[in-house]
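This report refers to the structure that appears directly beneath it.
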Amino acid sequence: MLKTTRYALALAALLGFGGAAQAAPALASLPAGFQGNAVFLKVRLNGASPVWMLFDPNAPESSITAAQFDTDARSAARIAARMTVTAGAARQDGVFFDLVAAVPVTAPDGKPVAGRLGRNWLGDRALILVARRHEVLLAPPIDTGAPPPIVAASYTVPAAR
C-alpha cells in the first residue's frame with residue numbers, strides 16, 4: 001500500500017497535480033473567413049490596410065503577390081524579405097515572403113488574395129482551427145525556457161604501457 005501511494009504521489013508531481021493551478025493560456029481570436037476547405041485570415045502587412053491571405057498549413061513558407069507593392073521587383077523582394085504580420089492582436093516580426101505573380105484563389109470578399117500564409121509566420125505559436133464554429137485561435141508564444149547550460153568536460157587518455 002505504501003509503495004502504491006509513493007508511485008501515485010510521484011506521478012502526480014510529474015504531471016503537475018497537487019500544486020497551484022496554472023491558468024490556461026489566453027487565446028487570440030483571429031479574423032477569418034472560410035470557403036469550402038480553404039481558410040482565409042485577414043492580416044496587416046507592415047501596418048498597411050488589412051488584406052485577405054490564404055492560410056496553408058502545409059506550406060513551410062509564405063508568399064505574397066507582387067501586386068501588393070507599388071515598386072519595382074527588386075525593391076518589392078527586399079520589402080518581402082522581412083515583413084511584420086499582424087492578425088488580430090497577434091504580431092509576428094521578420095516574416096519572410098516569397099514573391100509570386102498571383103495566388104489563383106479569391107478571398108471571401110470576392111477579390112484576389114494578397115498571398116499565402118505558410119507555417120513560418122506562426123513563429124513559436126500554435127494555431128487552433130475550430131472548423132465547426134468557423135473560428136481561428138492563436139496561442140501565445142510557447143515559452144521554451146532557458147537554453148540548457150553548456151558543460152565543458154575534459155578527459156585525459158592514459159598513456160599505453
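The values are calculated or read from the model by the stated rules, or taken from the named source; none is laboratory data. Just so it is clear, the model here is predicted, and its values are computed rather than measured. Using ideal geometry, Cβ is built from the backbone for each residue, glycine included, and neighbour counts are taken over all protein chains shown.
May I ask you to say which residue of Phe17, Phe69, Phe34 is on the phi < 0 side of the Ramachandran plot, under 20 Å from the mean Cα position of the chain (by Cα) and either among the aromatic types (Phe, Trp, Tyr) or modelled with pLDDT under 90 (or both)?
Values: Phe17 fails: under 20 Å from the mean Cα position of the chain (by Cα); Phe69 fails: under 20 Å from the mean Cα position of the chain (by Cα).
Residue meeting the stated conditions: Phe34.
Just one of (1) touching a strand residue (DSSP E or B) at 6+ places or on another chain (Cβ under 6 Å); (2) part of a strand (DSSP E or B) trips up Gly94, so point out which.
Every condition holds for Gly94 apart from (1).
Considering only residues that are touching an Asp or Glu at 6+ places or on another chain (Cβ under 9 Å) and surrounded by 13 or more Cβ atoms within 10 Å (Cβ to Cβ), which ones fall in the range 78-105?
From the range 78-105, those touching an Asp or Glu at 6+ places or on another chain (Cβ under 9 Å) are 80, 82-85, 96-98; that's our starting set.
Within the range 78-105, Ala80, Met83, Thr84, Val85, Phe96, Phe97, Asp98 meet the criteria.
Give the number of residues within the range 119-161 that are part of a loop (DSSP other than H, G, I, E, B) and within 9 Å of the chain's Cα centre (by Cα). Working first, answer last.
The initial filter retains those residues of the range 119-161 that are part of a loop (DSSP other than H, G, I, E, B), namely 123-126, 134, 139-161.
Subsequent filtering for residues that are within 9 Å of the chain's Cα centre (by Cα) retains 123-126, 139, 141.
The number of residues fulfilling the criteria is 6.
Give the residue that is nearest to Val113 (Cα to Cα), with candidates limited to residues of the range 46-70 that are among the hydroxyl-bearing types (Ser, Thr, Tyr) and in contact with a strand residue (DSSP E or B) (Cβ under 7 Å, 6 or more places away or on another chain). Walk me through how you get there before you give the answer.
First pass over the range 46-70, keeping only residues among the hydroxyl-bearing types (Ser, Thr, Tyr): 49, 62-63, 65.
Next, from what is left, pick out any that are in contact with a strand residue (DSSP E or B) (Cβ under 7 Å, 6 or more places away or on another chain): 62-63, 65.
Details: Ser62: 13, Ser63: 11, Thr65: 8 Å.
Result: Thr65.
Show the residue pairs that are 6+ apart or on different chains and have beta-carbon atoms under 6 Å apart, the first residue being within the range 102-123 and more than 14 Å from Ile64 (Cβ to Cβ), the second being at pLDDT 85 or above and assigned to a helix (DSSP H, G or I).
Matching pairs, first to second residue: none at all.
Per-residue answers, yes or no, for (1) in contact with a His (Cβ under 7 Å, 6 or more places away or on another chain); (2) at pLDDT below 85; (3) within 20 Å of Ala80 (Cα to Cα); (4) exposed (fewer than 10 other Cβ atoms within 10 Å of the Cβ):
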site: Ala107; (1), (2), (3), (4): no, no, no, no
site: Ile128; (1), (2), (3), (4): no, no, no, no
site: Pro141; (1), (2), (3), (4): no, yes, no, no
site: Ala146; (1), (2), (3), (4): no, yes, no, yes
site: Pro149; (1), (2), (3), (4): no, yes, no, yes
